[in-house]
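Below is one structure, written out as structure tokens; comments come after it.
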Amino acid sequence: MGVVLKQSIRNTVVTYLGFFFGAINTLFLYTKILPDEYYGLVTFILASGAILMPLMAFGVHNTLVKFYSNHQEEEKDGFFTLMLLIPLLGILPVALVGLLWYDPIGDWVSQVNPMVKDYLWYVFFVGLAMGYFEVFYSWCRVFLKSVFGNFMKEVFARIGVSILLILFYFDVITLDIFFKCLMGLYVLRTVIIKIYAFTLRTPKLDFRFPAYSKEILSYSFLIILGGSAALILLEIDKVMLNQFISIENVAYYGVSVYIATVIIVPSRAMHQITYPLTAELLNLGDYTALEKLYKKSSLTLFIASGILFVLIILNLNDLYAMLPENYRNGFTIVFLIGLAKVMDSILGNINSILYNSDYYKTVLVFGVCLAALTILLNYLLIPKLGLEGAALASFVSIFIFNLVKLVFVKMKFGIMPFSSATFKVLATLVLLAVLFDLLQFQFHPIVNIALKSFLVVVMYVGILYRFNMSEDVTGFLSKWLKKIPRSE
């Protein structure tokens, strides 16, 4: 866990830097500079591209991690060559469908918002860039070099967007150029991570593919289903809103979701390193170490995500006071999506366990069924409840999916992520939420947020350290805090 914690801390710093720029873009630059309907269009394009990504990558970003450690050195060139070619199995059919049926697809997608049709082809190129980016990112991760890739994923594009928005504000570029450059950012990001990945291991084209290439292709195809299901659970609400209500509402919804998404920053950072470690433990059959990693990752992520959720809810009114009026009605959305993100985090590295185990086929079936449920719930709830309906659909689907995964891992591996410390952390979070909800300041919103957050975090860290709720967290804090008596 020492390696996990060390790289996770670095990735967390990078990821929070990305979310810092993302917050500036999402909460201030986009909302102040870009017309609401075009901000909604950006949200639609990126969400649709993300849903296409697993198909464009053809599952290789997971396949590469799972099978890399199974190969001898002399077999790896053939393996990497295969990994570079497999995504074409998804890219070429999608491109062909787009060329032949662009107008019918465009007409269907743009029934409520006609402007969407003219920008539909952007979705393909963004999805293509996202797909190959994930392939090269996984290439880096198998060498346990995840920090630069994480920087490119979380920071690079967001800084680029900030620059583009500022250029648009000062009339240096037009709106059309803004959208083209936005797409170009994702392509450029992929080119850069490709160059970095090749510095770690320069591939030599070798068409002597692994003996079990059929198994690799089968796994990749199934991972498409799993990856698509997972992203449908996360992104389909933004896409389906376009089918029922005016597109500026997608922007309002996207801002609320982004606020809640901050909760998963520690999880995203830690998973960069726990995924390959989990795959290695499963390949070695070391289930004792696997259980230890499962429990520690769960507790560490719950400690981090839980306090972020509490901070967001406590400070949400002050945050909304700094946003334009149209963006201030998302408390229910933030609460439901935020709670769903905490549930994701508390399950630790469960996705790594499932997708690298022999049971991945069964789990993929669960995921596909729940993705279908998500689409159905959005179809039923959005017309009745609007934006809150989309949030409720996502919450219910994610809750059911996580419950299914939790029970399945318990049945097949006999392990659970929870411990007595989990419930101690939960009690601490509830206490802090109730206590500081009663404490209201009357200063500027930024001062209110900073002051309340500081007090909450200091008390939270003090309680964690005093009662030694997590060995990893206590060990980390010991480097920065003076030692104080604590219970054994």
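The values are calculated or read from the model by the stated rules, or taken from the named source; none is laboratory data. Keep in mind that what you see is a predicted model, and the values were worked out from it rather than measured. For neighbour counting, all protein chains shown are included, and Cβ atoms are generated from backbone atoms with ideal geometry for every residue, glycine included. Ligands, DNA and RNA are excluded from the accessible area calculation, which covers all protein heavy atoms including side chains. Shrake-Rupley method; radii C 1.70, N 1.55, O 1.52, S 1.80 Å.
Using a probe of 1.4 angstrom, how much of the accessible area of the chain is carbon and sulfur, in percent? Spell out each step's value before the answer.
Values: 14690 of 21260 Å².
Carbon plus sulfur share of accessible area: 69 percent.
Going highest first, how would you order 425-431, 58-64 by mean Cβ packing within 10 Å?
On the way: 425-431: 16.6, 58-64: 27.3.
In descending order of packing, they fall as 58-64, 425-431.
Please find the FRET efficiency linking Y212 to I400, where r is the Cβ-Cβ separation and R0 is fixed at 30 Å, and quote it to the nearest 0.05.
Numbers: r = 34 Å, r/R0 = 1.14.
For R0 = 30 Å, the calculated efficiency reads 0.30.
Please go through region 63-146 and write out the chymotrypsin sites (Phe, Trp or Tyr not before Pro) that DSSP classes as loop and that have at most 13 other C-beta atoms within 10 Å. Provide the component values of the computation, followed by the final result.
On the way: sites: F67, Y68, F79, F80, W101, Y102, W108, Y119, W121, Y122, F124, F125, Y132, F133, F136, Y137, W139, F143; in loops: W101, F143.
Loop-located and lightly packed - W101, F143.
Quick one: compute a quarter of the convex hull surface over the Cα atoms of region 89-217 and quote it in nm². Before the final figure, lay out the partial values.
Numbers: hull surface 43.6 nm².
In nm², the orientation-averaged hull projection of region 89-217 is 10.9.
Show me, bin by bin at 10 Å from 0, the whole-percent P(r) of region 342-488 based on Cα pairs.
Once binned at 10 Å, the Cα pair distances of region 342-488 give 9, 25, 26, 27, 12, 1.
When all alpha-carbon pairs of region 163-215 are counted, what percent fall beyond 17 Å?
Result: 62 percent of Cα pairs exceed 17 Å.
In whole angstrom, and with the biggest value first, how far do the Cα coordinates of region 372-445 range along each principal axis?
Computed over region 372-445, the largest-to-smallest principal extents equal 47, 41, 15 Å.
Could you tell me which of the pairs K145/K479; K296/K405; K295/K341; K66/K424; K295/K479 are separated by over 27 angstrom between their Cα atoms in the structure shown? Intermediate results must be reported in sequence, preceding the final value.
Numbers: K145/K479 25 Å; K296/K405 18 Å; K295/K341 18 Å; K66/K424 35 Å; K295/K479 23 Å.
Exceeds cut-off: K66/K424.
Please return the longest range in the chain lying between exposed loop sites, taking trypsin sites (Lys or Arg not before Pro), DSSP loop only, at most 13 other beta-carbon atoms within 10 Å, and leaving the sites out.
Working: sites that count: K204, R208, K479, K482, K483, R486.
Within the chain, the longest run free of exposed trypsin sites (Lys or Arg not before Pro) spans 209-478.
Please state the shape class of region 325-383: rounded when a/c is under 1.5, otherwise prolate if a/b exceeds b/c and oblate if not, all from the C-alpha gyration tensor. Could you put the intermediate results ahead of the total?
Values: a/c = 4.59, a/b = 1.65, b/c = 2.78.
Cα axes put region 325-383 in the oblate bin.
Return the inverse of the average 1/r over all pairs of distinct C-alpha atoms in region 159-290, which is the Kirkwood hydrodynamic radius, in Å to one decimal. Show your work: numbers first, answer last.
On the way: mean 1/r = 0.0509 Å⁻¹.
Final number for the Kirkwood radius of region 159-290 is 19.6 Å.
Taking the C-alpha atoms of region 127-202, how large are the radius of gyration and the largest Cα-Cα span, Dmax, in Å?
Expressed in Å, the Cα Rg and Dmax of region 127-202 come to 14.0, 44.
Assign one of three labels to region 244-311, namely rounded, prolate or oblate, based on the Cα gyration tensor with a ≥ b ≥ c the square roots of its eigenvalues; rounded applies when a/c is under 1.5, prolate when it is not and a/b is larger than b/c, and oblate otherwise. Mind dumping the intermediate values first?
Working: a/c = 4.34, a/b = 2.25, b/c = 1.93.
It is prolate, given that a/c is not under 1.5 and a/b is the larger ratio.
Across 20 Å bins from 0, what is the distribution of all Cα-Cα pair distances for the chain, in whole percents?
Here the calculated profile for the chain is 22, 58, 19, 0.
If you roll a 1.4 Å probe over the heavy atoms of the protein chains, what accessible area per residue do you get for the chain, in Å²? Walk me through the numbers on the way to the answer.
Working: 21260 Å² over 488 residues.
I get 44 Å² per residue for this part.
What is the gain in length, in nm to one decimal, between V112 and L439 on full extension, counting 0.36 nm per residue of separation less the C-alpha to C-alpha distance?
Details: separation 327, 0.36 × 327 = 117.72 nm, distance 4.45 nm.
Length difference between fully extended and current span is 113.3 nm.
Filter the chain for me: DSSP H helices, axial length by Cα at least 27 angstrom, mean Kyte-Doolittle hydropathy not below -0.5. List them by residue number. List each step's numbers first, then the result.
Working: long enough: 2-23 (30 Å, 0.86); 36-57 (31 Å, 1.22); 120-141 (32 Å, 1.01); 175-200 (38 Å, 1.53); 213-244 (43 Å, 1.06); 265-284 (29 Å, 0.22); 287-320 (46 Å, 0.94); 360-385 (36 Å, 1.68); 387-413 (39 Å, 1.54); 445-466 (31 Å, 1.60).
Those that clear 27 Å and a mean of -0.5 are 2-23, 36-57, 120-141, 175-200, 213-244, 265-284, 287-320, 360-385, 387-413, 445-466.
Using only alpha carbons, build the gyration tensor for region 263-373 and give me the equivalent ellipsoid semi-axes, biggest first, whole Å. List each step's numbers first, then the result.
Details: eigenvalues 221, 61, 18 Å².
Equivalent ellipsoid of region 263-373: 33, 17, 9 Å, largest first.
Net charge near A197, counting Lys/Arg +1 and Asp/Glu -1 over other residues with Cβ under 10 Å of its Cβ? Mind dumping the intermediate values first?
Working: positive: R141, K145, K194, R201; negative: none.
Surrounding charge for A197 is +4.
Ignoring ligands and nucleic acids, what accessible area does M130 show with a 1.4 Å probe (Å², nearest 10)?
30 Å²
Find the eigenvalues of the gyration tensor of the Cα atoms of region 20-164, then list the square roots of 5 times those eigenvalues as equivalent ellipsoid semi-axes, largest first, in whole angstrom. Mind showing how you got there, number by number?
Values: eigenvalues 208, 102, 14 Å².
In descending order the semi-axes read 32, 23, 8 Å.
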